[in-house]
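The values are calculated or read from the model by the stated rules, or taken from the named source; none is laboratory data. What you see is a predicted model, and the numbers here were worked out from it, not measured in a lab. Cβ coordinates were reconstructed from backbone atoms using ideal geometry, including for glycine residues, and neighbour counts include every protein chain displayed. Calculation scope for accessible area: heavy atoms of the full protein, side chains included, ligands and nucleic acids excluded. Shrake-Rupley method; radii C 1.70, N 1.55, O 1.52, S 1.80 Å.
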Amino acid sequence: MPKAILGYWDHRGLAEPIRYLLHYSKVDFVDKRYTADVAGYEEWQKDKFGLGLDFPDLPYYIEGDFSLTQSITIISYLGYRNGLVAKTTEQHRRTIMAEQQSVVFRQNLKYFVEGDEYGKIGREEFLKRVQPMFQEWEISWE
């Protein structure tokens with residue numbers, strides 16, 4: 001059976017947690033990285049509709065004839081396939097909630113860092129402003 005393929009841009013981004021999970025689960029895979037330049041974009045455009053993906057996007061995960069896109073979907077699939085899933089209804093509830101909260105956290109953090117505000121307020125003020133996001137996680141998991 002051919003190696004699984006994880007495709008994404010040549011940086012950590014949305015694929016890094018997937019890479020961690022694949023390594024943790026000892027899955028031998030090809031880490032297909034598209035360079036973050038014109039050549040990489042053109043290579044992705046060339047590959048995009050020829051990979052058999054239902055919803056062509058990055059990151060993608062291909063395992064033989066089976067393929068997925070969307071980072072959270074890939075993580076959920078790999079967790080399920082490798083036995084890293086909730087065993088009770090309460091664990092399942094908390095897992096789904098944490099999953100969705102991580103999406104919200106990532107979006108908020110991305111907008112904050114990539115926007116003009118981070119450059120204006122500096123590192124120390126930035127850290128003060130993101131602290132409540134971390135506190136939500138601490139309180140929720142006590």
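Our estimate of slack between R93 and D65, defined as 0.36 nm per intervening residue step minus the Cα-Cα distance, is 7.0 nm. With all protein chains in place and a 1.4 Å probe, the accessible surface of the chain carries 55 percent carbon and sulfur. Sorted into 5 angstrom bins from 0, the C-alpha pair distances of the chain split as 2, 8, 15, 17, 17, 15, 12, 9, 4, 1, 0 percent. Highest mean packing comes first when the peptides 122-130, 50-58 are listed by Cβ atoms within 10 Å, giving 50-58, 122-130.
Round to a whole angstrom and tell me the spacing of the C-alpha centers of segment 33-61 and segment 111-135. Each part's Cα centre sits 32 Å from the other's. Computed from the C-beta positions of F49 and F134, the FRET efficiency with R₀ = 25 Å rounds to 0.05.
How large, in Å, is segment 4-82 by the Kirkwood hydrodynamic radius built from its alpha-carbon pairs?
12.6
Exactly which trypsin sites (Lys or Arg not before Pro) in segment 27-99 are in a DSSP loop and have at most 15 other Cβ atoms within 10 Å? Here the sparse-neighbourhood loop sites are K87. Electrostatic bookkeeping for A4 treats Lys and Arg as +1 and Asp and Glu as -1; over the other residues with beta carbon under 13 Å from its beta carbon, the sum is +1. Exactly which chymotrypsin sites (Phe, Trp or Tyr not before Pro) in segment 1-93 are in a DSSP loop and have at most 11 other Cβ atoms within 10 Å? The qualifying sites are F49. Taking only DSSP H segments of four or more residues, each worth -39500 (n - 2.57), what value at 222 nm results for the chain once the sum is divided by all its residues, to the nearest 500 deg cm²/dmol? Using -39500 (n - 2.57) per qualifying helix, the result is -19000 deg cm²/dmol. Roughly what % of DSSP beta bridges within the chain run antiparallel, to the nearest 5? Here the share of antiparallel DSSP bridges comes out near 55 percent. Projecting the Cα atoms of S67, Y80, H11 onto the charge dipole of segment 6-80 (Cβ charges, centred on the Cα centre) puts Y80 farthest toward the positive pole.
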